[in-house]
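Peer 1: Got a structure here, written out as structure tokens. Questions coming.
The values are calculated or read from the model by the stated rules, or taken from the named source; none is laboratory data. Every value quoted in this text rests on a predicted model; they were computed, and no experiment measured them. Positions of Cβ are backbone-derived with ideal geometry, glycine not excepted, and every protein chain shown enters the neighbour counts. Surface areas here come from the heavy atoms of the whole protein model, side chains and all, with no ligands, DNA or RNA. Shrake-Rupley method; radii C 1.70, N 1.55, O 1.52, S 1.80 Å.
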Amino acid sequence: MNLPHLYLPSATIDVLKARSALIQQARHFFLDRGFWEVDTPLLSAETVVDAHIHPVSLTIDGDHRFLQTSPELAMKRLLVAGSGSIFQFAHAVRAGEAGPLHNREFLLLEWYRVGASLWELMDDVGKLVTSLMQLPHVGSASYRQAFLQSTGIDPLKATNEELADRCQSAGLSFVAKDRDDLLNFLWADQVEPTLPKEGLYFIYHYPASQAALADVIQDEDGNECAERFELYARGIELANGYHECRDPRQLREWFIRQNDRRVQQNATTLPLPDYLLSALEQGLPDCSGVAVGFDRLVMISLEQQRLSDVIPFPDDRC
Amino acid sequence: MSVYHTSDFRKGLKVELEGEPYIMTECNFVKPGKGQALYKCKLKSLIKGSVLDRTFKSDDSLQAADVRESQMQYLYRSGDNFVFMDPDTFDQPELTPEQMGDTAKWLKDGLNCNIVFYNERPISVDAPNHLVLEVVYAEPGARGNTATNVTKTAKVETGAEVQVPIFINQGDKIKVDTRTGEYIERVRE
């Protein structure tokens, strides 16, 4: 028998030491800038309600709990309580995400800077990431520009039929009815592969229907858009950030809509996050926040190929 | 009939799509931004050899294709068709020229070939990767020209034409790669 030694870590000790050094370096980056490190629970009665993020739910001593899919809700409750700018290294768990660039349990580096605009936050992300890896900043584009350039389709103006036709000719095996599902497929299939591979590239101003917990504004052409960005490093999605929405009514509606989409795809509905919504009634300070997939950051920084090269015990051996 | 769910998807899986057998040659998990989880696959037709791009969502599934391969001996030509024999069961399947495809030009009596069956019907056949064949016709090479990068056309005993170096003569035995149809080397007995 030639069984792999699954009791051993999949990453080498040298890589794990380099990973630890990157974590320490990132800590100093924030401490030097006046942030403090928080540490919020992994188990909570509420979780982010999103059509395509699937939390693990469990019962502990008779109480229903979710393993957190990100520390976002708890960190916002701290911001409402007057924490000021905070950061956290948090393990997060999402069901159904497995592949060379996904592990169901992963490490997020998430932070919130009080008073920062979306642009200031993007600047911070660029500074942090370039302090941890040798990659040039190669540019940025709005979601609409990037989409138009790669597909010739205007994501704000195209009809659902046009999007569905393009999806079908590109090999989507099912008929997606949801406009954002169509856009997301085309994004993954035709836009992402054309993003620059040599460095850092920012995509900003997502369609308002993909705002998640970001604020919605009008862009320079008067179209509604989300104050949300993503950072791609070597063409790999690395970070997702928002200028945060502070309106509890808008967020409540967003969560309800996400639950409707969950019902359409036969996923369980999730409880509305009442602690978060009550905190927002109290008033979230103007802030921007971002989550960086830290395992991916380590992978790219150390020039490794897959997450299992930088995680000690990935899904297949833990 | 068994079913593969997206979580079972991997390279090498033989699946059925629109009534035809395919082999999965690539499968990548992608989850863009706030989008749904998708499996981007490349599927190669076991009949035509053409490649399809197909993307599935996480609750999709595909039927397993009932595909088996077996080693069979070539016996003889029957009209347009080619008759093989299973050395274990003595079954004698007949393959049409379409099913034989390019492999027909490498056949000689007794050759062991790999036949792929889909729903118990033969769909394709492969000759061994390397064959040693006798050259039955070659233009005479110009005396003294020993350059190895100059080639000429030679005909081998099975009827196939192969590009060979200039020094190969009628009656020589040569080794060819049946997948590419290329000359590999001269074989001395």
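Peer 1: Which members of the stretch B:64-95 meet the condition of being assigned to a strand (DSSP E or B) and under 30 Å from B:Val3 (Cα atoms)?
Peer 2: B:Ala64, B:Val67, B:Arg68, B:Glu69, B:Ser70, B:Gln71, B:Met72, B:Leu95
Peer 1: I've got another one for you. Hey, which of the strands (runs of 3 or more DSSP E) in the stretch A:8-105, taking only ones fully inside, have at least 2 residues that are among the β-branched types (Val, Ile, Thr) and closer than 15 Å to A:Val292 by Cα?
Peer 2: In the stretch A:8-105, A:86-93 are the strands (runs of 3 or more DSSP E) which contain 2 or more residues that are among the β-branched types (Val, Ile, Thr) and closer than 15 Å to A:Val292 by Cα.
Peer 1: Find the residue count for the stretch A:221-247, including only residues that are away from every other protein chain (no Cβ under 13 Å), open to solvent by 20 Å² or more (accessible area, probe 1.4 Å) and touching a residue at least 24 places away in the same chain (Cβ under 8 Å).
Peer 2: Matching residues across the stretch A:221-247 total 6.
Peer 1: Follow-up question, since we're still on this one. From the list A:Glu120, A:Glu97, A:Glu110, A:Glu72, which residue is within 14 Å of chain B (Cβ to nearest Cβ) and farther than 30 Å from B:Arg10 by Cα?
Peer 2: A:Glu72
Peer 1: Okay, moving on. Condition test on B:Ala138, is it free of Cβ contacts under 8 Å to residues at least 40 places away in the same chain and either of a type in the set (A, V, I, L, M, F, W, C) or exposed (fewer than 13 other Cβ atoms within 10 Å of the Cβ) (or both)?
Peer 2: Criteria met by B:Ala138.
Peer 1: Do we find a residue being modelled with pLDDT of 95 or more, closer than 20 Å to A:Asn259 by Cα and more than 14 Å from the chain's Cα centre (by Cα) anywhere in the stretch A:14-26?
Peer 2: Within the stretch A:14-26 (the criterion being modelled with pLDDT of 95 or more, closer than 20 Å to A:Asn259 by Cα and more than 14 Å from the chain's Cα centre (by Cα)), the answer is no, since none of the residues qualifies.
Peer 1: So A:Leu121 passes all but one of these: (1) out of contact with any Lys or Arg (no Cβ under 9 Å at 6 or more places or on another chain); (2) open to solvent by less than 30 Å² (accessible area, probe 1.4 Å). Which condition number does it fail?
Peer 2: Failed condition: (1).
Peer 1: Assuming A:Phe185 fulfils every condition listed in (1) part of a loop (DSSP other than H, G, I, E, B); (2) in contact with a helix residue (DSSP H, G or I) (Cβ under 8 Å, 6 or more places away or on another chain); (3) free of Cβ contacts under 8 Å to residues at least 24 places away in the same chain apart from one, which condition is it?
Peer 2: Here A:Phe185 clears every test but (1).
Residue-wise test of (1) without any contact (Cβ under 8 Å) to a residue 40 or more places away in the chain; (2) surrounded by fewer than 19 Cβ atoms within 10 Å (Cβ to Cβ).
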| site | (1), (2) |
| --- | --- |
| B:Gly12 | yes, yes |
| B:Val15 | no, no |
| B:Cys41 | yes, no |
| B:Lys44 | yes, yes |
| B:Ile47 | no, yes |
| B:Arg54 | yes, no |
| B:Glu69 | no, yes |
| B:Ser78 | yes, yes |
| B:Asn81 | yes, yes |
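Peer 1: When you scan the stretch B:30-47, how many residues do you find that are more than 27 Å from A:Ala95 (Cβ to Cβ) and at the interface with chain A (Cβ under 7 Å from one of its Cβ atoms)?
Peer 2: 0
Peer 1: Which residue pairs have Cβ atoms under 6 Å apart, sit 6 or more places apart or on different chains, and have a first residue in the stretch A:145-159 that is open to solvent by less than 60 Å² (accessible area, probe 1.4 Å) and a second that is assigned to a loop (DSSP other than H, G, I, E, B)?
Peer 2: A:Phe147/A:Pro155
Peer 1: Could you tell me whether B:Asp59 is more than 23 Å from the chain's Cα centre (by Cα), surrounded by fewer than 16 Cβ atoms within 10 Å (Cβ to Cβ) and either outside any helix (DSSP H, G or I) or not assigned by TED's automatic domain parsing to the domain that holds B:Thr178 (or both)?
Peer 2: The answer is yes for B:Asp59.
Peer 1: Same structure again: Regarding the stretch A:171-190, can at least one residue be identified that is within 14 Å of chain B (Cβ to nearest Cβ), of a type in the set (A, V, I, L, M) and open to solvent by 30 Å² or more (accessible area, probe 1.4 Å)?
Peer 2: Yes, because at least one residue in the stretch A:171-190 is within 14 Å of chain B (Cβ to nearest Cβ), of a type in the set (A, V, I, L, M) and open to solvent by 30 Å² or more (accessible area, probe 1.4 Å).
Peer 1: Residues in the stretch A:144-176 that are at positive phi and in contact with a strand residue (DSSP E or B) (Cβ under 6 Å, 6 or more places away or on another chain): how many?
Peer 2: Qualifying residue count for the region: 1.
Peer 1: Counting only residues that are hydrophobic (A, V, I, L, M, F, W, C), under 14 Å from A:Ala239 (Cα atoms), open to solvent by less than 20 Å² (accessible area, probe 1.4 Å) and not in a helix (DSSP H, G or I), how many does the stretch A:106-118 have?
Peer 2: Residues that pass the stated criteria total 4.
Peer 1: What is the number of the single condition among (1) in contact with a His (Cβ under 9 Å, 6 or more places away or on another chain); (2) open to solvent by less than 40 Å² (accessible area, probe 1.4 Å) that A:Arg94 does not meet?
Peer 2: Condition (2) is where A:Arg94 drops out.
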